[in-house]
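S.K.: Have a look at this one before I ask anything.
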Amino acid sequence: MNTEQATPLPAPALLNIKELAHALRLHPTTVRTLYKAGRFPGLKFGYRTLRFDLAVVLDALRKESGTAAR
């Protein structure tokens, strides 16, 4: 019998618009505009709740600008 327990994977931190704007050093309105323009993905929960995974957003912006992560 295996008594080892699996270590749960950490859930990605989801940021709201204000938190993402702070991380990207942008105004929240700019973040909302970029999202609506399809520049990066977000998760919409219900009518008003919008969340972003910072790693996914950064990856999308890097791919769009043509620079690879080093």
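S.K.: Filter the stretch 50-67 down to the residues that are surrounded by 10 or more Cβ atoms within 10 Å (Cβ to Cβ) and more than 15 Å from HIS22 (Cα to Cα) and list them by number.
M.R.: Across the stretch 50-67, the qualifying residues are LEU50, VAL56, ASP59, ALA60, LEU61, ARG62, LYS63, GLU64.
S.K.: Next up: Could you grab me the full set of residues in the stretch 25-49 that are surrounded by 14 or more Cβ atoms within 10 Å (Cβ to Cβ) and under 22 Å from PRO10 (Cβ atoms)?
M.R.: Listed by number, the residues that qualify are PHE40, GLY42.
Laboratory data are not the source of any read-out in this text; all were calculated from the coordinates shown. Just so it is clear, the model here is predicted, and its values are computed rather than measured. Heads up, the Cβs are rebuilt from the backbone with ideal geometry, glycines too, and the neighbour counts pull from every protein chain shown.
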